[in-house]
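Reviewing the structure listed below.
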Amino acid sequence: MIGPAAWRAVDDGLAIAVRVTPRGGRDALAAGTAEHFAARLAAAPVDGAANAGLVALVAKTFGVPKRAVTIVAGETARLKRLHIVGDVATLAEIAAGL
């Protein structure tokens, strides 16, 4: 079970922390540690491909459009903070279920 440090509700959505493993074979978002979710991406970390893949994966997982997901910290790091705009209760339910 993911703890509250991995995600928290904000005024217009959810803030999440994700540890990314690029070239992970297939795209998957799952529970990681109490501090972050774990994302495996098929894309390589070249020319923003992994970041674009992460945004698409998070959008699909949380059922929001890609434009609702923003990387707010960690553009070039494995550990990233993202902001997801949407209904807080629905997003929190999805995050708790991961």
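Summary table below
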read-out: Estimated FRET transfer efficiency when R0 is 30 angstrom, pair Thr21-Ala89 (beta carbons, to 0.05); value: 0.50
read-out: Rounded FRET efficiency, nearest 0.05, which uses the C-beta distance separating Arg67 from Ala42 and R0 of 22 Å; value: 0.50
read-out: Cα-centred dipole magnitude for the stretch 1-71, charges only on beta-carbon of K, R (+1) and D, E (-1), debye, nearest 20; value: 240 debye
read-out: Environment charge of Ala39, counting only residues whose C-beta is closer than 9 Å and scoring Lys/Arg +1, Asp/Glu -1; value: +2
read-out: Those residues of the stretch 72-97 whose amide nitrogen sits under 18 Å from the label point placed on Ala49, 7 Å along Cα→Cβ; value: 76-78
read-out: Gain on full stretching of the segment that runs from Asp11 to Arg81 - 0.36 nm per residue minus C-alpha separation; value: 23.6 nm
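We did not get these values from a lab; they are worked out from the coordinates using the rules stated. Note that the structure is predicted; figures quoted are calculated from it, not measured. We place every Cβ from the backbone using ideal geometry, glycine too, and count neighbours over all the protein chains shown.
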